[in-house]
Structure formats: structure tokens, C-alpha cells
Amino acid sequence: MKNIAISDVRNFAILGHSGAGKTTLLDSILFKMGINDRQGSPDNGSSMSDYTDEEREHKISIWATPFDGIYTSKSGKSVNLVMTDTPGYADFYGQVVSSCAVADASLIVIDASAGIQVGTNRAWRLAVARSMPRGIVVTGLDKDNVSFEGTLAAIQEVWGKCCRPATLPTADASAVASVLGANPPEELADRIAEIKGALIEYAAETDDTLLEKYLGGEDLSPEEISSGLHGAVHAGSLIPVFAVSGRTMLGVEEMLDAISLLFPSPEDTGIKDVEGNALAVDPDAPFCGHVWRAVNDPFVGQLSFVRVFSGTLKSDSEMFNATTDEKERVGQLLIVNGKKQEKVAAVTAGDVVAIPKLKNTSLNDSLCAMGHHIKVTPIEFPHPVTSYAVFPKSKGDEDKLATGISRVAEDDPTILVQRNEETSEMIIAGMGDVQLEVAVEKMKKRSNVEVELRTPKVAYRETITAAGEGHYKHKKQSGGRGQYGDVYLRVEPCSPDDEETFVNAIVGGAIPGNFIPAVQKGLVDGMEKGPLAGYKVINVKTTLYDGSYHDVDSSEIAFKIAGSRALHEAMEKARPVLLEPIMEIKVMIPGDFMGDVNGDLSHKRGRILGMGSENGMQVITAEAPQAELFKYSSELRSMTGGRGSFEIRFLRYETVPSNVAQKVIAAAQKEKEEE
């Protein structure tokens, strides 16, 4: 266990848009801290963070990667920095969500040459939703025609004047000075004095005693200023902005000094369990941790990454899984820095530790000390927006495909795998086509199964728009006991909210009561495949009003068949229609693409519900049929050059236009004939 107090631990996630320089910044930090003996770079494949085959091949961050090390500031104070590098690509947003769920603060990276982008906005909204203290890093100061002051002005316009510089670059970007440091460069002296005055006001406002002293004209001590600013950052009333060039290491040391001073420790966070009870951030308190990432490591097998919230966890010990109510045996505890793994004897609050080969533990489980039952709020992951149907290229590989694709989904909680019984397809769904492409590549390497991705079939529905009556007499005599069931029924449209969808109106014993449940079963079976194209029937109310029976030949199976056939006859007379799933889609884009995106949505039979702005981005809310949106992830990326994102959710079923319905029905009939 490190000889660092919990009050000197800084656990933060590095967030931002893809290409903003997050990983480059982290590699500079790791080099500065001595965790790496050289300055890695994602461009040439030497990054400590982007080290997997998939990341090197695609040249983007795919996984959330934690790092841990000791940093000693200029003042000589040592702090334990626990940092997580996160992907900026929208397809891997689930990794960002899980990282923020177990971090105490966020560091949002903005490229000065690109400004605030859609991924920046997404990171900001997540941090705000989680009430995370924030810092902002403006990178790329070594590029041509960039302006720190211009980027700062844009940040303040979108997110407010609470975003204040903590470090400033010189005009030629050859040096960076700390606003709170001594002896600033002469060209920055006046600007720093102005900013420092505003920061002292922030510090004073966090404490009544400091405010009284400040208003009384007394100077605050450096310790009082630091304490006040630390509180302001924790409260979110102050968001420090840092000037950095990751490639040249410019401003990295000044940023780390400020993070050590201003960012919260685990003691500041006030973590609570699911019941709202505060957890004691104390080494002697009962251990509590949460599994936020799970990895199938090719060398050590399953690795469970755990954020420790309270207490101490020791190697070669036992703990309790409060999610599954099962005991776990802990062998080794590993601090993981990229490919490097270091065994440690114990970990405490704020640490992120990897535990190999846990038998009864999976992603999102809460772990605690034996004899306790402590659970923290599980991570809520975003819903998938893109899906494909997966088929093996070789017959007989179905079982290998199902096993392989399920294992890949275990590594990423935003990938869902399920079999659609209606369409008889294996569906893989995720946050985007690149994510699913990476998942399939990984599966091929692990399982040696070649697969084909196709656009999924739409799970249409059928219903009726008028009332109709149906009659069917099931009569069969083939020697011995025959079959006889005679059913008259009426159908009519009903609301999805109607609880009573079957009415027994039989009088006089036309059908004995013991056969009524059989008729109902026939109706349930009949509604599994409608008369138009064989899709499930919804929103239909049936009334059984007459029939007849035979003392000897009537049976449950006869009335079940009669009920199903009478239903189809009644529906054919009740003007049946095809229904399709309608989705609500929320698109966030820069203003330059409003016209293109609006036009494209209209072309997809979409209806624009509203337009607005959010954090400097334009937001379009619309409704569109699911059939038109299966490829929207790649289409939006193409339209906006990767600067757009969207969220999608199911709304309701709606009647398919007749010209589209005819094609769907014809395709269903052709498929039935081929079978």
C-alpha cells in the first residue's frame, strides 16, 4: 500500500472529443511522472494507453484505460494521481460513462484549433449530470493560428464565466505560467493579477470567515486561497482552465500542480450507498468497491477493475459480492498501467485495482467486506442506437457464433446480443457501426468464425381499423372419435391501455365453460401471426358471442383451432393494416449542418418535432420509422464529418403508408413461398 494519505489522492477521468489530444496529454503526464521512460504517442503506436491491437489498427482510443502513480509538485508535495483515459469516439461512449461513475472529477480536453465539438459537449453534459467537479485543458497550443484567449472566450460564452484560467501561455506559446504562482513573465503580469483577483473572490465566497476577512480588506493567506479554491472547484462554482501542449510537454507540470491543489480527494466526494447512507472514506472502515470494467485478458483471464470507495482491500483475502450475495476469494491485487501490471498488498479509497479470476463477479457488481451488505448505485449505460443481424458464413457455426459474440459483449456493456424470435435473427446492437465492427473483428480472432452483417428485419405489427366478424367450424371425422369446435366471434380495435381484450359473451351454454379457455388459447396463438404478412397482432379486442359443440367429438384442441381460424377471418373483414415502430431521435450537430440533417430526416419519412440549441450545438428532435434509421450512425457521420451525434428511443407503433406496406407484404409472401 502506498504511503499516501487519502486526502492526497486525486482520481479523475480525462474526457473530450475524438482527436482533441486526450491520449497525447496522458502520455505526456505519464512521462512527466516517470511511469513511462519515454513520451509515448498514439500516432506511432507507442502510447501507453492505446496499446491494444484494435486501438493501434484503428488509431483511436477504444477502451477506458486507468493509470496510477505518484506525482511530486514543485512545492515538494506528493499526491497519488489515479487517471482514466477515455475514448472520444461516440461509438465508445459507454466507456466514458463507466469511467465517470467511478471518478471524483473530470478533465475535459479541447483542441484550440477545433474548439468545442459534439464530443466535448457530450462529456460536459455527463459531468454536469453527475455533479462532477470539472477542469478544462486547452491543447494544441503548438499548432499554427491558434489562440488560447479566443478558445477561452468561446468556452466562457457557452459554459459561463465560472471557467477561469489557472495557467496562461505567453504570446509565442514558448512558456506557461501558473496564475497562483510567483514571479510570472512580465508580459503576463497584468493579466495574471487580474485573474488572480477574481480567483481570490471565488476562494472567499466558499467560506463565511474568509468572506468576512476579504470584505474587511484583509489579505487572504496562500493557504486560505488554496483551501477556498479547492472548495469552489468541488462545488462546481469554479472550473479551472489549463493551457497545455501535450506533444511538447508545455504546461503539463503547471497543470499537474494545479490539479494537486484544486481537485477534490475521495474524502470530499461524499459517496453514498443505494440507500443514501454516507460511506466512511477511511482505511479502517468496511471495504466497499464497484466493478466498473471487466476484461478478458489473454494472459491472466478475466480481470475485474474495481474502484475502491471506502475501507481497505487486501490481497489473499475474502470479500462479499452484495449484488449476487456470494462470497469471493481475492488472490492478487494489480495496479494496471497500460500493459504494465504491479502487484500490491492492499488498496484504499480512491484506488482503481484489477482483480483477476473472480468466479462470481461481473460488471456493475458491488463488492464489500465480509459480514456486510453494502451496495452502491449501479452504472446506467446508454441504450444502443445501431444494430445488425449476424449470420455465420459457414453452416454449422451457429453455436460458435453465439458463444463468441456473447463473450465479446461481456467486455462492453453497451453491446447487446439477443435472438429476435420474431425475425429468427441473431442481433448485435451497440452505439455505432465502428464499435460493432471492432467487436466482430475481436470475435473472429477469438472464435475463428467468419460472419456476415446484414441490416436487421423490422419487427412489424398488424392490427385492424374497423370491426369485423368471423366464424369457423372445425369438424373432422376420420374413424373413432372426431373433432368438433364451432366459434363465432367479433373483433374491434382497442387501445394499448385496455386491460380487457377478450369478452366472453356466450349465453345459454352454446359453448361449455370448460372450452372457453381453449378458444382464448387459440386467439393468443392466432395473434402471433396476422393475416397480412404474418406479423404479431396488437390492439385487437375479441368478443366470443356464439358457437356450438358436440357431446362426444368436441375437445380443447378443436376449439383452439376454431378460435384461431375465426380470428383471422374476422381480421380480414376488419380492414387490417401493417404497423411499424416509430423512433424518437435527438440529433446534436454544429449549426452548419442543420439544412442537410433536416432534409435527410424528411427524406426518411421523419417529422421534425423541434429545434433548439444546447451548449453551443444545434439540437434537432424528430420522429422517424425504425426501418429508415438502421444505417443512421454511418450516414450522420458522413454528413457531418464525424461532428454529429444522436440518441434514439422507441416511441410507438404507427400505420405503415400503403406504398411501403405493399412492398413489405410482398416480401413476406415471397419469403413464405421460398420456405
Quick check on my filter: what residues within segment 484-520 are at pLDDT below 90 and closer than 21 Å to residue 550 by Cβ?
507, 508, 509
Residue 442 touching a residue at least 12 places away in the same chain (Cβ under 8 Å), farther than 25 Å from residue 94 by Cα and outside any loop (DSSP other than H, G, I, E, B):
no
Take the residues in segment 196-219 that are of a type in the set (A, V, I, L, M) and surrounded by fewer than 19 Cβ atoms within 10 Å (Cβ to Cβ), then tell me which one is nearest to the chain's Cα centre (by Cα).
198
Out of all the residues in segment 186-196, is one or more in the same structural domain as residue 127 (by TED's automatic domain parsing), at pLDDT 90 or above and of a type in the set (D, E, K, R)?
no
I'd like to check something: does segment 586-600 contain any residue that is outside the structural domain of residue 533 (by TED's automatic domain parsing), touching a Leu at 6+ places or on another chain (Cβ under 6 Å) and in contact (Cβ under 8 Å) with a residue 24 or more places away in the chain?
no
Among 210, 220, 229, 261, the single one that is in contact (Cβ under 8 Å) with a residue 60 or more places away in the chain and not acidic (Asp, Glu) is 261
Check on residue 148, among the aromatic types (Phe, Trp, Tyr) and over 27 Å from residue 7 (Cα atoms):
yes
Filter result for residue 395 (surrounded by fewer than 17 Cβ atoms within 10 Å (Cβ to Cβ), free of Cβ contacts under 8 Å to residues at least 60 places away in the same chain and not in a helix (DSSP H, G or I)):
yes
Report those strands (runs of 3 or more DSSP E) wholly inside segment 607-675 carrying at least 1 residues which are surrounded by fewer than 13 Cβ atoms within 10 Å (Cβ to Cβ) and at pLDDT 90 or above.
607-614, 645-655
Give the residues of segment 1-31 that are of a type in the set (D, E, K, R), under 30 Å from the mean Cα position of the chain (by Cα) and farther than 16 Å from residue 244 by Cβ, sorted by residue number.
10
With segment 282-392 as the region, which strands (runs of 3 or more DSSP E) entirely inside it contain at least 2 residues that are farther than 27 Å from residue 49 by Cβ?
312-314, 317-321, 326-330, 366-368, 386-392
Please find, within segment 458-479, the residue that is farthest from the chain's Cα centre (by Cα) out of those that are part of a loop (DSSP other than H, G, I, E, B) and surrounded by fewer than 22 Cβ atoms within 10 Å (Cβ to Cβ).
479
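Looking at 390, 385, 376, 408, which is the one that is touching a residue at least 60 places away in the same chain (Cβ under 8 Å) and more than 30 Å from residue 535 (Cα to Cα)?
Values: 390 fails: more than 30 Å from residue 535 (Cα to Cα); 385 fails: more than 30 Å from residue 535 (Cα to Cα); 408 fails: touching a residue at least 60 places away in the same chain (Cβ under 8 Å).
It is 376.
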Do you know which residues across segment 401-439 are surrounded by fewer than 20 Cβ atoms within 10 Å (Cβ to Cβ), assigned to a helix (DSSP H, G or I) and of a type in the set (Val, Ile, Thr)?
403
Can you find, within segment 61-84, the residue that is farthest from residue 353 (Cα to Cα) among those that are hydrophobic (A, V, I, L, M, F, W, C) and in a loop (DSSP other than H, G, I, E, B)?
62
For segment 111-159: of the residues being charged (D, E, K, R) and part of a helix (DSSP H, G or I), which is surrounded by the most Cβ atoms within 10 Å (Cβ to Cβ)?
122
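The values are calculated or read from the model by the stated rules, or taken from the named source; none is laboratory data. Predicted model, so just to flag it, every value in this text is computed and none were measured. With ideal geometry, Cβ positions are generated from the backbone for all residues, glycine too; neighbour counts draw on all protein chains shown.
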